1. How much FRET efficiency would the formula 1/(1 + (r/R0)^6) give for Asp92 and Arg179, where r is the Cβ-Cβ distance and R0 is 30 Å, rounded to 0.05?
2. Roughly how many whole Å is it from the C-alpha centroid of the range 140-184 to that of the range 225-285?
3. Only Cα pairs within less than 10 Å get springs; with that Gaussian network setup on the chain, which residue of Ala140, Ala168, Ala36 has the largest fluctuation?
4. What number, rounded to the nearest 500 deg cm²/dmol, is the helix-based mean residue ellipticity at 222 nm of the chain, given -39500 (n - 2.57) per DSSP H run of at least four residues and division by all its residues?
5. Determine which residues of the range 61-88 fall in the zone a paramagnetic label at Ala36 would reach in this model, i.e. backbone nitrogen under 18 Å from the point 7 Å along Cα→Cβ.
6. With springs only between Cα atoms under 10 Å, which of Val133, Val91, Val67 fluctuates most in a Gaussian network model of the chain?
7. What's the angle, to the nearest 10 degrees (0 to 90), between helix 186-196's Cα axis and the longest principal axis of the chain?
8. Using the number of other C-beta atoms within 10 angstrom as an exposure proxy, rank Met151, Met195 with the fewest first.
Amino acid sequence: MLRTFLVATVLATSAAGLASATMQTDIDAARLQAEAGDFNAAFDYGYALTFPESGDADYEIGRYWLVQAADNGIAEADHVLGLVYRDGIGVDADLDRARAFFETSWSRNYAPAGFNLAELLIFDYESDAASGVAILRRLAEGDNGVDAQLMLADALFFGPDTIRDDSAAIAAAEAAIARDPAALQANYILGIAAMEGLGRTADPAAAIALWRAAADTGDTLSLGALAQAYTDGDGVTADPVEALALWQTAAALGDFTAAEAAAELEDQLNAGQQQQAETRAQARLAQLP
C-alpha cells in the first residue's frame with residue numbers, strides 16, 4: 001500500500017536543487033566537484049545522471065558516482081542504489097543487492113532506507129518479516145512516527161502470517177491518528193475493524209463514517225471500501241450508481257484495481273446510470289483537497 005507513496009516522495013525530494021533553468025550548469029559543477037573528491041557532489045552528479053530532469057539517463061556512469069558516494073559514507077547514495085536494484089533502474093532487479101544497500105543506509109540512520117528495508121523484509125523476505133516490524137517500531141518513535149505507524153498497521157493487518165496481528169495493527173492505526181488527526185489513511189483499517197467487529201462490537205455505520213472521512217481526502221483504499229459497501233449494501237442501502245462513482249473516483253486517482261472494478265460494474269448498468277455515476281465522480285474529484 002505504501003511503496004508507491006514512499007518511493008515517489010524519496011525520488012521527488014532527492015532531486016531538489018536541480019532546477020531546470022540552471023540544470024546543466026549545476027550538473028557540470030557537480031561533476032567537477034565530484035572529480036575533485038567531493039562525495040556529496042558525487043551523489044548529486046550520480047543522481048542527476050540516473051534520474052535526469054530531461055534527456056536520456058546515463059545509468060552506468062550515474063551508478064558509478066552513486067557508488068563512489070556510498071563507499072564514502074553518503075547514506076542517501078546507499079538508499080538510492082537500493083532503489084535502483086530493487087526496481088531494476090538501468091540494471092537487472094536484484095533484491096539481495098537492494099537489501100544490502102538499504103541495510104547500509106539504515107545503519108547510518110537514514111530513515112527513508114528504514115522504510116524501504118522494512119517493506120522488503122516484510123513482503124519479500126518473509127522469514128525476516130519480524131525484523132521489518134522491528135524497524136518500523138523504531139521509526140515510530142522518531143520524527144517519522146506517523147508514517148511508520150501507518151506502514152506498521154498495514155504490515156500487521158495484511159502482511160504474512162508470521163507477523164499478522166489484527167489487534168496490534170488496529171493499535172498502530174489508532175496511534176497514527178492520535179499523533180496526527182489528518183492521517184486518515186488509518187481509517188481504512190479502522191473501518192475494516194468496525195465493519196467486521198475486530199476487537200470490538202461490529203458497527204457498520206461507524207465503518208462507513210471512517211471510510212467516508214478518508215475518502216473525502218482522496219484515500220483510494222477507503223473509496224474502494226465504500227464502493228464495495230454500496231455494492232453489497234453493508235452499512236448503507238445498496239446503490240450501484242454510487243458504487244460506480246466511488247470506483248471511478250479511485251480509478252481517476254490512479255488505483256488500477258478500482259479501474260478494473262469500475263469497468264466490471266459499468267457493464268451492469270444502463271447508459272443513464274453510467275452518466276449519473278460519472279457526474280457524481282466528477283463532482284467528488286472537484287471537491288478533493
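Read-outs: derived from the displayed coordinates by stated rules, not from any lab. Here the structure is a predicted model, which means the values were calculated and not measured. Methodologically, a virtual Cβ is constructed for each residue, glycine included, from the backbone with ideal geometry; neighbour enumeration extends over all protein chains shown.
1. Calculated value: 0.15.
2. 28 Å
3. Judging by the Gaussian network model, the answer is Ala36.
4. Working: 16 runs with 207 residues, N = 289.
The helix-only estimate for the chain comes to -22500 deg cm²/dmol at 222 nm.
5. Residues passing the 18 Å test: 69.
6. Largest GNM mean-square fluctuation: Val91.
7. The angle comes out at about 30 degrees.
8. Numbers: Met151 29, Met195 22.
If I rank by nearby Cβ atoms, fewest first, I get Met195, Met151.
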